[in-house]
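S.K.: First, the structure itself, so that you have it in front of you.
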There are 2 protein chains.
Amino acid sequence: MATRQRRTTIAEVAARAEVSPATVSRVMNGRFVGEAAVAERVRAAAAELDYSPSPLARGLALGTTRTVAFVVPDLANPAFQDILSALSKSAARSGYRVLVADSVESPSDELAIATEIRRRCDAIVLCAPRMPESVLAGAIDDLAPIVLINRPGTSANAPMLSIDYLTGIHHLAEHLYSLGHRRLAYVAGPGTSASDQYRRRGLASFTAEHPDVELVALTGGVSLDDGLAAAARVRDSGVTAALAFNDLVAIGLVHGLEDLGVTVPDDVSVTGFDDIPFARYNSPSITTASVPHEELGIQAWDRVAALVAGEEPGHSVQFQPRLELRGSTAAPTR
Amino acid sequence: MATRQRRTTIAEVAARAEVSPATVSRVMNGRFVGEAAVAERVRAAAAELDYSPSPLARGLALGTTRTVAFVVPDLANPAFQDILSALSKSAARSGYRVLVADSVESPSDELAIATEIRRRCDAIVLCAPRMPESVLAGAIDDLAPIVLINRPGTSANAPMLSIDYLTGIHHLAEHLYSLGHRRLAYVAGPGTSASDQYRRRGLASFTAEHPDVELVALTGGVSLDDGLAAAARVRDSGVTAALAFNDLVAIGLVHGLEDLGVTVPDDVSVTGFDDIPFARYNSPSITTASVPHEELGIQAWDRVAALVAGEEPGHSVQFQPRLELRGSTAAPTR
DNA sequence: CTGCCACGAGAAACCGCTTTCTCGGAAGGT
DNA sequence: ACCTTCCGAGAAAGCGGTTTCTCGTGGCAG
């Protein structure tokens, strides 16, 4: 296939404009302070040769790549897609591009992946919910500038954006409680994930407040199929309501239950988490805790931009999920 | 915040191992052919200093970045997310990373974005359905190595992976026809998009074969909200079935219709396109044409890998959508 | 008329790594 | 004992830019 093309270099432009490469560089970067005619000659030569500086060479000389990494456990997860989309758009406005990677194939390599990709760019937005705190703490200096996603409570010295899963699921549980539910199931996420543990802690504080509640934790997962697979377990557990790890699991669960002849919300109420667009469009629509993923992407970029500019980044923030009461929850009928 | 750290360089390793940088380079790249003791000294020094070569400098010297760009109209579209996810995973296995960009904010900049991002990496996977053929043809040499997505019929000399939208929607229409539908609506996508035009052509060939069919084209879009917004127009058009541009539009449309008291599929049948996971989980589940997005991502990487290796890339292929008959279509009741 | 300064632009060093070229020394052949 | 050959490893030249340093020129003041 096509011979790998050799782009025109600064030296060629310099030769054609009969100036030195240094002058071309200055003109291209607006640092030129000399005769207008010279600048014009350079610009003309550059235009004629269709020249544009090599980002690679530029990066090496300048020590900056105008690239930021985005590392998540699983790119296929819609929640991350929304963050990525917003991050990419925000970064693009500042001329930055986003380099992506996920660690779904080997969670244990999360640190290695982050370290490797970090060297290719200026900063990293890292979502590593399963990374042990000690590992993260040891790596944070190597990875800086870094913005963390969903590591509430970390001692790492880095701006962090998170979702208050604990409070969010607590509110969902309270909602179910107020409807009259007393036997609840938690269809869990990956046990190693921090966000799963925050949900468990939220539920623990909830049950502590309500001794009359019986809560059973069931194996779940993160995907539609995981929710579908959990349906039988939920039915067999005899609960009147199930709190799913996220919306995907909730939607899968709802359909799994209906396949089994269990009606939602009449027989069993179901809640999700995230408020992905489909949560609203599902039948029944899913009661969930709404998480502002785009906002997360936008603010992640704000923090990154501040860090690479050497400024103080905005504060770490914890977004409070907003309860979206929809059709998948109702008072128990038995 | 943290002082921007200076990574250890090859020179420092060389000094510590008391060899030249050239030797360190050779050892690091497995090209060393000398005393084992020297290699060991280098490895030890590298380990002690926690050295790893700068990808930037390496890229400049080698003329390769081990990065591939992925440019699409809108990263938020689930179809692209699936492709990206598969592309990223495949590329990662070969040590490549994916750089992303979307042109949603300014479709006219599509070429500029592609050109810019292309310079940062070794190849590009480009999905630019709205780019005029003449523009694409003129840019293809600049962008090579390049793999195109969804540009069937392009004269560009580049491997291309596409979906046969034309045949796919034709089959969907035939399905509706066989159910007895004679008055159909097409809830269109962006008029400028090539994939919309292929759908229109597919429908044109369908109506040509069935003169008894009345087809009306309605303004639609690409998103859930676009589908929702089209509901009233579909109802008012008096058709018994609607072919939506994609699954998102179809799902939005189904819910919009039901909000208006129109039942799917009893009053109006609806079809989608893509077979995103939610199409199956919607109520009613969406009859659609299934498109293998992950496969597209995988094969895109195969082509890229071949191109950068200087090999002949696999053939361009056109994937045939597979009809998924589900609950959103049924015989007309009036 | 001389001396100083400002200014415009080039030479050269550098960013960090790879690779070709080169050279000194040891091994091997006669 | 001498010359050739080979081998291990360093010196140096890029890769394509940016930036500091330097220098020659022209203008202005003394």
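Read-outs: derived from the displayed coordinates by stated rules, not from any lab. Just so it is clear, the structure is predicted and the values come from calculations on it, not from any experiment. Here the Cβ is made from the backbone with ideal geometry for all residues, glycine too, and neighbour counts use every protein chain on show.
S.K.: Hey, in the GNM for chain A with a 10 angstrom Cα cutoff, which one of A:316, A:85, A:178 fluctuates hardest?
M.R.: Result for chain A, Cα springs under 10 Å: A:178 fluctuates most.
S.K.: Shifting gears a bit: Just A:256, A:220, A:238 to compare: in a GNM of chain A, with alpha carbon springs under 10 Å, which one fluctuates most?
M.R.: Highest fluctuation of the listed residues: A:238.
S.K.: Quick one: which residues, 5 or more positions from residue A:185 or on another chain, have an amide H under 5 Å from its amide H? H modelled 1.01 Å from N in the peptide plane, none for Pro or chain starts.
M.R.: Placed amide hydrogens put A:216, A:241, A:242, A:243 under 5 Å from residue A:185.
S.K.: Answer rounded, prolate or oblate for chain A, using the Cα gyration tensor with square roots of eigenvalues a ≥ b ≥ c: rounded when a/c is under 1.5, else prolate when a/b is larger than b/c, else oblate.
M.R.: Judged from the Cα gyration tensor, chain A comes out prolate (a/c at least 1.5, a/b above b/c).
S.K.: What shape does region B:165-291 take by its C-alpha gyration tensor, where a ≥ b ≥ c are the square roots of the eigenvalues and a/c under 1.5 counts as rounded, a/b above b/c as prolate, and the rest as oblate?
M.R.: It comes out rounded by the Cα gyration axes.
S.K.: With chain A treated as a Gaussian network of Cα nodes joined by springs under 10 Å, which of A:236, A:266, A:141 yields the largest mean-square fluctuation?
M.R.: Residue with maximal mean-square fluctuation among A:236, A:266, A:141: A:236.
S.K.: If Rh is defined by the Kirkwood formula over all Cα pairs and Rg also comes from Cα, what ratio Rg/Rh do you get for the protein assembly as shown?
M.R.: Result: Rg/Rh = 1.01.
S.K.: Net charge within 9 Å of residue A:104 by Cβ-Cβ distance, Lys/Arg positive one each and Asp/Glu negative one each, not counting residue A:104 itself?
M.R.: For residues surrounding residue A:104, the net value is -2.
S.K.: Assuming 0.36 nm per residue, please report the length gained on full extension of the stretch residue A:325 to residue A:49 beyond their Cα-Cα distance.
M.R.: So the chain would gain 93.3 nm between residue A:325 and residue A:49.
S.K.: With a point put 7 Å past each Cα toward its Cβ, work out how far residue A:201 is from residue B:94 in nm, to one decimal.
M.R.: Result for the modelled spin labels: 4.4 nm.
S.K.: Name the residue farthest towards the positive end of the dipole of the protein assembly as shown from the options B:232, A:77, B:154, assuming +1 on Cβ of Lys and Arg, -1 on Cβ of Asp and Glu, about the Cα centre.
M.R.: Highest projection toward the positive end goes to B:154.
S.K.: With a sphere of radius 10 Å drawn around the Cβ of residue A:279, what net charge do the other residues whose Cβ falls strictly inside it have (Lys, Arg +1; Asp, Glu -1)?
M.R.: Net charge in that neighbourhood comes out at -2.
S.K.: In nm, give the distance between the simple-model label positions of residue A:155 and residue A:6, each being 7 Å from the Cα along the Cα-to-Cβ direction.
M.R.: Roughly 5.6 nm, to one decimal.
S.K.: Follow-up question, since we're still on this one. Shape of region B:180-223 from its Cα gyration tensor (a ≥ b ≥ c, root eigenvalues): rounded if a/c is under 1.5, otherwise prolate when a/b > b/c, or oblate?
M.R.: Oblate, since a/c reaches 1.5 and b/c is not below a/b.
S.K.: Would you calculate, for chain B, the mean residue ellipticity at 222 nm contributed by helices, counting each DSSP H stretch of 4 or more residues as -39,500 (n - 2.57) and dividing by all residues, to the nearest 500?
M.R.: Rounded to the nearest 500, the figure is -14000 deg cm²/dmol.
S.K.: Would you mind listing the distances between the residue A:318 label point and the same position in each other copy? Use 7 Å along Cα-to-C-beta, nm, one decimal, shortest first.
M.R.: 5.6
S.K.: Can you tell me the dipole magnitude for region A:165-291 around its Cα centre, using point charges on the Cβ only (Lys, Arg +1; Asp, Glu -1), in Debye to the nearest 20?
M.R.: I would put it at about 240 debye.
S.K.: Another question, if that's okay. Please compute the length gained on full extension between residue B:225 and residue B:18, using 0.36 nm multiplied by the number of residues separating them and subtracting their Cα-Cα distance.
M.R.: 67.9 nm
S.K.: Now for a separate question. Hey, got the average number of other protein chain Cβ atoms within 10 angstrom for residues in B:118-124?
M.R.: If you average over the peptide's residues, the count of other-chain Cβ atoms is 3.
S.K.: To the nearest Å, what is the center-to-center distance of region A:186-256 and region A:265-315, using C-alpha atoms only?
M.R.: Result: 19 Å between the Cα centres.
S.K.: Please report how far the C-alpha centroid of region B:107-152 lies from that of region B:39-57, rounded to the nearest whole angstrom.
M.R.: 38 Å
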